[in-house]
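The structure under discussion appears below in the form of structure tokens.
The values are calculated or read from the model by the stated rules, or taken from the named source; none is laboratory data. Computed from a predicted structure; not experimentally measured. Reconstructed Cβ throughout: ideal geometry from the backbone, glycine too, with neighbour counts over all protein chains shown. Each accessible area value is taken on the protein alone, full model and side chains, heavy atoms only, with ligands, DNA and RNA left out. Shrake-Rupley method; radii C 1.70, N 1.55, O 1.52, S 1.80 Å.
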Amino acid sequence: MEQVLHFIDGAFVPSEDGRTFDNLNPATGERIGMVAEGGRAEIDKAVRAARRAFRTWGRMPAQERAAILHRIANLIEENLEELALLETADTGKPLSLAKSLDIPRSAYNFRFFADFVKGLSTETFEMEGVALNYALRRPVGVAGLISPWNLPLFLLTWKVAPCLAAGNTCVIKPAELTPMTATKLAEICKQAGVPDGVVNVVHGFGPDAAGQFLTEHEDVDLISLTGETTTGKAVMRSAANTLKRLSFELGGKNPNIVFADCDFEDAIATTVRSSFVNQGEVCLCGSRIYVESPLYDRFVEALVDRARKLRVGDPLDPQTDVGSLISEEHLERVDGFVRRAMEQGGRVLVGGRRPEHLKRGAFYEPTVIVDVDETCEITRQEVFGPVVTVQPFDTEEEVIRLANDTHYGLSATLWTSNLKRAHRVAGELEAGVIWVNTWFLRDLRTPFGGMKQSGIGREGGVHSFEFFTELKNVCIKL
Ligand code: NDP
């Protein structure tokens, strides 16, 4: 069986000590490969290569880097079919979703930042007759990029593209459950003309392993992490000794607020998507649904009906709506949340179990739970699966209080045809991204990131470049 290797200094290499771990397809439970398990030696080598490469990549004119990034985007598009199959085998997500969302967006991430970097500007301040100040924007150095398993290439390229566009080099640590598209990306980067050492990929685990060694490495300048809030806390601790610059996109427990005056069809159709797309394994999923009392019964009935009709099954079947969860272990975790919700008085209206017709794979039915309140674990903790709760509310004040009653603050959605209310409630919600009458719609120039314990910093457009560049001021006496 072929081994998925590290990519260090332009070459695919195994681990020095020969260690590997298994890669499983969660939809079948079958072993689909072995992955090189990196440790301190591989991280050291990759960081040294990235530091060497920084001397030339960081000085290359942005136009030239941008041209290479466009070639990467072209190659991702040319390899769409293969990349989508790899992503589906690793994650269990429907192939149709990988083909329509994950891979096209990965290509677009490169195109977007390649174009954006060419228009970046800095400020000038004139002290009349005395001095002229101008700021220069420079790359920071070697970045550690740590990505999660839910949207592996999509979220990895959201980091790699601005990192490279700005002139930094990087060491990537993909989630251990989804190693394949990051490895293919390394191959594509080489083909596109990215010099050796600029992009390195080290596979392996997080705590006390490759991930942690990267975050504590003294020659790594900045860390961009997308992952769980608890991982953010651990990374912050291990990066503290070397005072690294940090960007965190972390967990969410996002409210989806439905007022009775909404466009019902829009609200219900989008809610089905924002609850169950990618098996609910999206940080932005609206897992806490609040519906204004007059609409509550009708909304719950429609949601349950549509959740029941979603086709759960083989990710390769174009008719499939909901694929497999990432692993058996994760399924047990998701199911544990549902069991405990029931113990706390929650009523499962649909789902809450493995589908009977599927004999293998980590499949879980789309699940709707009612009769819970803000004291229940299920409304407070991130489940990261196809599980939502629905609660009624009576007033705007009440729903704002409920929505904000959380340590998380990633995103929030609200449905209303009252423009004044939309502005008012959007202003009050404690979340970094607010959607009104839509969900997941993104202009990549806008700031993206979480408030409270959902993250640190913002990504997107100039915000990504603020993280990946240093500004220095030059003061010239006139
Ligand atoms: P994890 O936090 O478990 O892992 C994310 C990455 O961090 C993985 O590569 C993991 O490695 C690595 N890691 C884990 N522990 C450490 C450590 N101590 N030091 C360094 N690296 C470490 O997240 P998941 O992969 O489970 O992804 C799901 C989470 O990501 C959810 O909480 C979700 O909300 C969040 N997320 C947030 C997004 C946002 O934009 N805010 C977007 C998407 C997801 P390994 O896998 O090998 O353990």
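Which residue is most open to solvent (accessible area, probe 1.4 Å), if the candidates are limited to the range 4-45 and must be touching a Ser or Thr at 6+ places or on another chain (Cβ under 9 Å) and among the aliphatic types (A, V, I, L, M)?
Leu24
Being closer than 27 Å to Asn437 by Cα and touching a strand residue (DSSP E or B) at 6+ places or on another chain (Cβ under 8 Å), is that true of even one residue in the range 334-341? Let's see the steps before the verdict.
In the first step, residues of the range 334-341 are kept if they are closer than 27 Å to Asn437 by Cα; the result is none.
No, because not a single residue in the range 334-341 is closer than 27 Å to Asn437 by Cα and touching a strand residue (DSSP E or B) at 6+ places or on another chain (Cβ under 8 Å).
Regarding Leu153, is this residue buried (at least 24 other Cβ atoms within 10 Å of the Cβ) and within 13 Å of the ligand (Cβ to nearest atom)?
Details: buried (at least 24 other Cβ atoms within 10 Å of the Cβ): yes; within 13 Å of the ligand (Cβ to nearest atom): yes.
Taking the combined requirement at face value, the residue satisfies it.
Restricting the range 394-408 to residues that are open to solvent by 50 Å² or more (accessible area, probe 1.4 Å) and within 28 Å of the chain's Cα centre (by Cα), which is nearest to Val258 (Cα to Cα)?
Arg401
Can you name the strands (runs of 3 or more DSSP E) wholly within the range 311-393 that have at least 1 residues being free of Cβ contacts under 8 Å to residues at least 60 places away in the same chain and open to solvent by 10 Å² or more (accessible area, probe 1.4 Å)?
Working: elements: 347-350, 367-370, 387-393.
Because the criterion is at least 1 residues that are free of Cβ contacts under 8 Å to residues at least 60 places away in the same chain and open to solvent by 10 Å² or more (accessible area, probe 1.4 Å), the strands (runs of 3 or more DSSP E) in the range 311-393 that meet it are 347-350.
Quick check on my filter: what residues within the range 453-469 are touching a residue at least 24 places away in the same chain (Cβ under 8 Å), away from the ligand (no atom under 12 Å from the Cβ) and open to solvent by 20 Å² or more (accessible area, probe 1.4 Å)? Full working, then the answer.
Residues of the range 453-469 touching a residue at least 24 places away in the same chain (Cβ under 8 Å): 453-459, 461-462, 464-465, 467-469.
Still in the running and away from the ligand (no atom under 12 Å from the Cβ): 461-462, 464-465, 467-469.
Residues satisfying the conditions are Val462, Phe467.
Looking at Ile378, is it more than 16 Å from the ligand (Cβ to nearest atom) and either aliphatic (A, V, I, L, M) or touching a Leu at 6+ places or on another chain (Cβ under 7 Å) (or both)? It would help to see each step written out before you state the result.
Details: more than 16 Å from the ligand (Cβ to nearest atom): no; either aliphatic (A, V, I, L, M) or touching a Leu at 6+ places or on another chain (Cβ under 7 Å) (or both): yes.
No: the conditions fail for Ile378.
Do you know which residues across the range 412-436 are within 23 Å of Glu459 (Cα to Cα) and in a loop (DSSP other than H, G, I, E, B)?
Scanning the range 412-436 gives Leu429, Glu430, Ala431, Gly432.
Considering only residues that are farther than 30 Å from Arg51 by Cα and not small (Gly, Ala, Ser), look in the range 118-132 and name the one that is surrounded by the fewest Cβ atoms within 10 Å (Cβ to Cβ).
We begin by selecting, within the range 118-132, every residue farther than 30 Å from Arg51 by Cα; these are 124-132.
Still in the running and not small (Gly, Ala, Ser): 124-128, 130, 132.
Details: Thr124: 10, Phe125: 11, Glu126: 11, Met127: 11, Glu128: 7, Val130: 9, Leu132: 14.
Out of the qualifying residues, it is Glu128.
Considering Arg71, Arg138, Arg105, which residue is touching a Gly at 6+ places or on another chain (Cβ under 9 Å) and part of a helix (DSSP H, G or I)? Spell out the reasoning first.
On the way: Arg138 fails: part of a helix (DSSP H, G or I); Arg105 fails: touching a Gly at 6+ places or on another chain (Cβ under 9 Å).
Exactly one residue qualifies, and that residue is Arg71.
Could you tell me which numbered condition Tyr290 fails, if it satisfies all but one of (1) open to solvent by 10 Å² or more (accessible area, probe 1.4 Å); (2) in contact with a helix residue (DSSP H, G or I) (Cβ under 6 Å, 6 or more places away or on another chain); (3) over 25 Å from Ile456 (Cβ atoms); (4) not small (Gly, Ala, Ser)?
(1)
Listed residues Asp208, Asp196; which is in a loop (DSSP other than H, G, I, E, B), more than 7 Å from the ligand (Cβ to nearest atom), touching an Asp or Glu at 6+ places or on another chain (Cβ under 7 Å) and open to solvent by 10 Å² or more (accessible area, probe 1.4 Å)? Outline the logic, then answer.
On the way: Asp208 fails: touching an Asp or Glu at 6+ places or on another chain (Cβ under 7 Å).
Sole residue among the options that is in a loop (DSSP other than H, G, I, E, B), more than 7 Å from the ligand (Cβ to nearest atom), touching an Asp or Glu at 6+ places or on another chain (Cβ under 7 Å) and open to solvent by 10 Å² or more (accessible area, probe 1.4 Å): Asp196.
Being of a type in the set (Lys, Arg) and under 18 Å from the mean Cα position of the chain (by Cα): is that true of Arg273 here?
On the way: of a type in the set (Lys, Arg): yes; under 18 Å from the mean Cα position of the chain (by Cα): yes.
Here the answer is yes, as Arg273 does meet what is asked.
Anything in the range 159-185 that is in a helix (DSSP H, G or I) and either of a type in the set (Asp, Glu) or surrounded by fewer than 23 Cβ atoms within 10 Å (Cβ to Cβ) (or both)? List them, or say none. Break it down into steps so the answer makes sense when it comes.
Start the filter on the range 159-185 by keeping residues that are in a helix (DSSP H, G or I), which leaves 159-165, 180-185.
Correct list: Thr183, Lys184.
Here are some residues: Ala114, Ala89. Which one is part of a helix (DSSP H, G or I), more than 16 Å from the ligand (Cβ to nearest atom), among the hydrophobic types (A, V, I, L, M, F, W, C) and open to solvent by less than 10 Å² (accessible area, probe 1.4 Å)?
The match here is Ala114.
Is it the case that Ser411 is open to solvent by less than 60 Å² (accessible area, probe 1.4 Å) and in contact (Cβ under 8 Å) with a residue 24 or more places away in the chain?
Details: open to solvent by less than 60 Å² (accessible area, probe 1.4 Å): yes; in contact (Cβ under 8 Å) with a residue 24 or more places away in the chain: yes.
In short, yes.
Filter the range 394-437 down to the residues that are away from the ligand (no atom under 16 Å from the Cβ), in contact with a strand residue (DSSP E or B) (Cβ under 7 Å, 6 or more places away or on another chain) and β-branched (Val, Ile, Thr) and list them by number.
Once the filter is applied, which keeps residues that are away from the ligand (no atom under 16 Å from the Cβ), in contact with a strand residue (DSSP E or B) (Cβ under 7 Å, 6 or more places away or on another chain) and β-branched (Val, Ile, Thr), the range 394-437 yields Val399, Val425, Val436.
Cβ-Cβ distance below 7 Å, separation of 6 or more or different chains: which pairs start in the range 201-219 with a residue that is under 17 Å from Thr178 (Cβ atoms) and of a type outside the set (S, T, N, Q) and end on one that is within 6 Å of the ligand (Cβ to nearest atom) and open to solvent by 30 Å² or more (accessible area, probe 1.4 Å)?
From residues that are under 17 Å from Thr178 (Cβ atoms) and of a type outside the set (S, T, N, Q), the pairs are His203/Glu176; Gly204/Glu176; Phe205/Glu176; Gly206/Gln212; Gly206/Thr231; Gly211/Phe205.
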